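Structure first, commentary second.
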Number of protein chains: 2
Amino acid sequence: MPRTKTVADGDRDLRVDAERNRNRILAAARDVFAEQGLQAPMAAVARRAGVGIATLFRRFPTKDDLVTAVFADKMRTYAQVVDEALDDPDPWRGFRTCVERVCEMQAADRGFTDVLTVAFPSATAFEAERDRAVARLSELIDNAKATGRLRADFVHQDMIMVLMANSGVLAATAEAAQDTWRRLVAYLIQAFAAEAAGPLPDPATPDEVTLALLRRNAAAGDGPSD
Amino acid sequence: MPRTKTVADGDRDLRVDAERNRNRILAAARDVFAEQGLQAPMAAVARRAGVGIATLFRRFPTKDDLVTAVFADKMRTYAQVVDEALDDPDPWRGFRTCVERVCEMQAADRGFTDVLTVAFPSATAFEAERDRAVARLSELIDNAKATGRLRADFVHQDMIMVLMANSGVLAATAEAAQDTWRRLVAYLIQAFAAEAAGPLPDPATPDEVTLALLRRNAAAGDGPSD
DNA sequence: CTACAAGTGGAGTGCAACTTCCACTTGCTT
DNA sequence: AAGCAAGTGGAAGTTGCACTCCACTTGTAG
């Protein structure tokens with residue numbers, strides 16, 4: 001038994017060249033998706049990575065697998081932004097910075113915008129990260145509310161709403177008026193301030209929002225019938 | 001000279017059955033796009049209209065042509081909403097109603113959401129309507145500002161920004177949490193109130209926003225090169 | 001150095017969409 | 001009533017993509 005194969009879940013140990021190619025593919029996919037969005041053809045990723053298409057599909061049997069792998073990282077980074085915001089001695093400033101940072105990341109990555117707007121792959125890879133992020137975010141929100149600066153009726157689902165809204169602006173302004181998202185975010189943050197508080201419709205439940213965040217293309221098979 | 005052919009621009013007078021089919025196609029397209037979005041196949045429109053595909057393409061040589069024809073109407077309706085808002089004796093209430101109504105229309109029509117988010121066809125058909133709408137909108141905005149309720153740094157481009165943002169929320173919540181857009185709009189309107197006013201990044205120029213609104217898929221040929 | 005399993009690349013397949021072609025039908029003119 | 005241009009439907013053509021197949025190459029164990 002030459003190979004030690006201790007790792008079970010998906011990646012047994014690859015031959016060194018294969019491992020190198022795998023990394024190249026991931027890096028290429030990160031770039032390509034960020035630039036062109038998720039609809040970028042697999043061939044483009046392969047070309048950028050300098051490998052054949054077959055190699056790409058051997059490592060990631062389906063496009064969803066590749067997308068998932070690429071964005072698992074990103075999701076981790078998002079969670080990290082929340083962590084950093086928690087370190088800010090001024091929770092309200094931390095909160096605002098968090099919103100801005102997250103939207104900025106979105107603006108820098110067309111692929112992530114697509115993930116929210118257009119389609120999303122298998123969910124499981126993200127759930128752990130998501131739950132952790134939600135917990136931290138709720139903490140941040142509570143702290144900010146405690147200062148009296150964040151309106152009391154803000155809920156963590158609103159953060160996802162911000163991402164969705166930002167997503168729409170980014171998608172529409174990819175070619176022109178590219179800084180529009182900053183204005184949107186500024187408006188929203190001002191709306192989140194306690195002084196601005198007026199009545200709001202009830203938010204969706206966290207579960208509904210999660211569903212909205214992940215579902216999307218699962219319903220691709222709903223029959224248009226006639 | 002049997003046929004009177006007075007109408008020059010695109011539609012000479014059709015045979016009565018052809019005219020009937022044309023109307024059926026438009027009605028079908030309106031429905032199909034509203035339900036399924038712009039990515040609905042042409043075949044679905046033909047099927048719904050009860051005509052063959054060739055008939056559809058004879059009337060609208062390209063999918064863009066059909067989309068344009070369908071949404072020229074809608075654009076007119078949008079402009080009308082602004083007109084109604086101008087009639088409101090309370091300009092600030094008129095303004096808020098206008099924002100809500102427009103977003104509501106968007107929510108009711110998945111196709112219009114796509115027009116903003118995903119792609120857009122030839123521009124010319126809309127320009128007249130757009131210019132008129134902008135003029136009326138500016139008037140509405142000025143009136144609302146005069147009451148002191150609308151913040152002074154609001155610009156008409158912000159209305160498009162609202163549509164874009166709403167578009168993102170709607171696209172993401174098509175399957176779940178479908179009322180999220182109402183909460184977004186409520187937040188935004190509160191942000192537009194004078195009391196909430198804080199510093200904002202400069203808006204894009206009107207031209208940039210128009211470009212962003214119409215361009216989108218014109219750049220489909222930009223070479224990903226490597 | 002040799003052998004072979006793992007790895008590779010590019011041609012090929014299937015599919016879903018837009019668009020075109022063409023043999024047939026039909027409303028309108030005389 | 002007859003003729004024919006306008007109109008029609010569905011079958012093909014085309015393109016763009018995800019994904020597969022297979023003859024070849026290469027890292028590595030003995």
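The values are calculated or read from the model by the stated rules, or taken from the named source; none is laboratory data. Worth saying up front: this structure is predicted, and the values here are computed from it rather than measured. Here the Cβ is made from the backbone with ideal geometry for all residues, glycine too, and neighbour counts use every protein chain on show.
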Checklist line | Complete set of residues in segment B:41-78 that are out of contact with any Lys or Arg (no Cβ under 9 Å at 6 or more places or on another chain), more than 16 Å from DNA strand D (Cβ to nearest atom) and among the aliphatic types (A, V, I, L, M) | finding: B:VAL67, B:ALA72
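So that you can scan it fast, the table gives a plain yes or no per residue for (1) within 14 Å of chain B (Cβ to nearest Cβ); (2) in contact (Cβ under 8 Å) with a residue 60 or more places away in the chain:
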| site | (1), (2) |
| --- | --- |
| A:ARG76 | no, no |
| A:VAL81 | no, no |
| A:PRO89 | no, no |
| A:ARG130 | no, yes |
| A:ASN143 | no, no |
| A:GLU175 | yes, no |
Next item on the list: Test A:ARG101 against the criterion of being part of a helix (DSSP H, G or I), away from chain B (no Cβ under 14 Å) and under 28 Å from B:GLU208 (Cβ atoms), and give yes or no.
Entry: yes
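Considering only segment B:110-122, I want to know if a residue exists there that is within 16 Å of DNA strand D (Cβ to nearest atom) and within 14 Å of chain A (Cβ to nearest Cβ).
Keep residues of segment B:110-122 that are within 16 Å of DNA strand D (Cβ to nearest atom), which gives B:118-119.
After this cut, where a residue has to be within 14 Å of chain A (Cβ to nearest Cβ) as well, the list is B:118-119.
There is at least one residue in segment B:110-122 that is within 16 Å of DNA strand D (Cβ to nearest atom) and within 14 Å of chain A (Cβ to nearest Cβ).
For (1) charged (D, E, K, R); (2) under 15 Å from the mean Cα position of the chain (by Cα); (3) under 23 Å from B:VAL169 (Cβ atoms), each residue gets a yes or a no:
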| site | (1), (2), (3) |
| --- | --- |
| A:LEU56 | no, no, no |
| A:PRO61 | no, no, no |
| A:ARG76 | yes, yes, no |
| A:ASP90 | yes, no, no |
| A:VAL102 | no, yes, yes |
| A:ALA135 | no, no, no |
| A:SER138 | no, no, yes |
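Condition (residue is within 16 Å of DNA strand C (Cβ to nearest atom) and in a helix (DSSP H, G or I)) applied to segment B:89-96: is it met by at least one residue? Write out each step before concluding.
If we filter segment B:89-96 for residues that are within 16 Å of DNA strand C (Cβ to nearest atom), which is where we start, we get none.
Scanning segment B:89-96 turns up no residue that is within 16 Å of DNA strand C (Cβ to nearest atom) and in a helix (DSSP H, G or I).
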Margin query: Looking at A:ALA29 and the list (1) of a type outside the set (S, T, N, Q); (2) more than 18 Å from A:THR68 (Cβ to Cβ); (3) at pLDDT 95 or above, which single condition is not satisfied?
Written below: (2)
Item checked: Among (1) within 30 Å of A:GLY148 (Cβ to Cβ); (2) at pLDDT 95 or above - the single one A:ALA44 does not satisfy -> (1)
Check: Which members of segment A:206-226 meet the condition of being within 8 Å of another protein chain (Cβ to nearest Cβ) and at pLDDT 90 or above?
Finding: A:GLU208
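Is there a residue in segment B:191-213 that is of a type in the set (S, T, N, Q), buried (at least 21 other Cβ atoms within 10 Å of the Cβ) and either outside the structural domain of B:THR97 (by TED's automatic domain parsing) or over 21 Å from the mean Cα position of the chain (by Cα) (or both)? Break it down stepwise before answering.
At the first step, the residues of segment B:191-213 found to be of a type in the set (S, T, N, Q) are B:205, B:210.
Adding the requirement that they be buried (at least 21 other Cβ atoms within 10 Å of the Cβ) leaves B:210.
Still in the list and also either outside the structural domain of B:THR97 (by TED's automatic domain parsing) or over 21 Å from the mean Cα position of the chain (by Cα) (or both): none.
No, segment B:191-213 contains no residue that is of a type in the set (S, T, N, Q), buried (at least 21 other Cβ atoms within 10 Å of the Cβ) and either outside the structural domain of B:THR97 (by TED's automatic domain parsing) or over 21 Å from the mean Cα position of the chain (by Cα) (or both).
Within segment A:44-80, take every residue that is part of a loop (DSSP other than H, G, I, E, B) and surrounded by 14 or more Cβ atoms within 10 Å (Cβ to Cβ) and give me the one that is farthest from DNA strand C (Cβ to nearest atom). Quick ask: steps written out before the conclusion?
Going through segment A:44-80, the residues part of a loop (DSSP other than H, G, I, E, B) turn out to be A:50-52, A:60-62.
From what is left, the residues that are surrounded by 14 or more Cβ atoms within 10 Å (Cβ to Cβ) are A:51, A:60.
Numbers: A:VAL51: 4, A:PHE60: 11 Å.
The extreme case among them is A:PHE60.
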Note to self: Give me the helices (runs of 4 or more DSSP H) completely within segment A:106-190, filtered to those with at least 3 residues that are modelled with pLDDT of 85 or more and among the polar types (S, T, N, Q), ordered by residue number.
What the structure shows: A:157-172
Note to self: Name the residue that is surrounded by the most Cβ atoms within 10 Å (Cβ to Cβ), counting only residues in segment B:86-109 that are under 21 Å from B:PHE71 (Cβ atoms) and of a type in the set (Gly, Ala, Ser).
What the structure shows: B:ALA107
Check: When you scan segment B:187-199, how many residues do you find that are facing chain A (nearest Cβ under 7 Å) and under 12 Å from B:VAL162 (Cβ atoms)?
Finding: 3
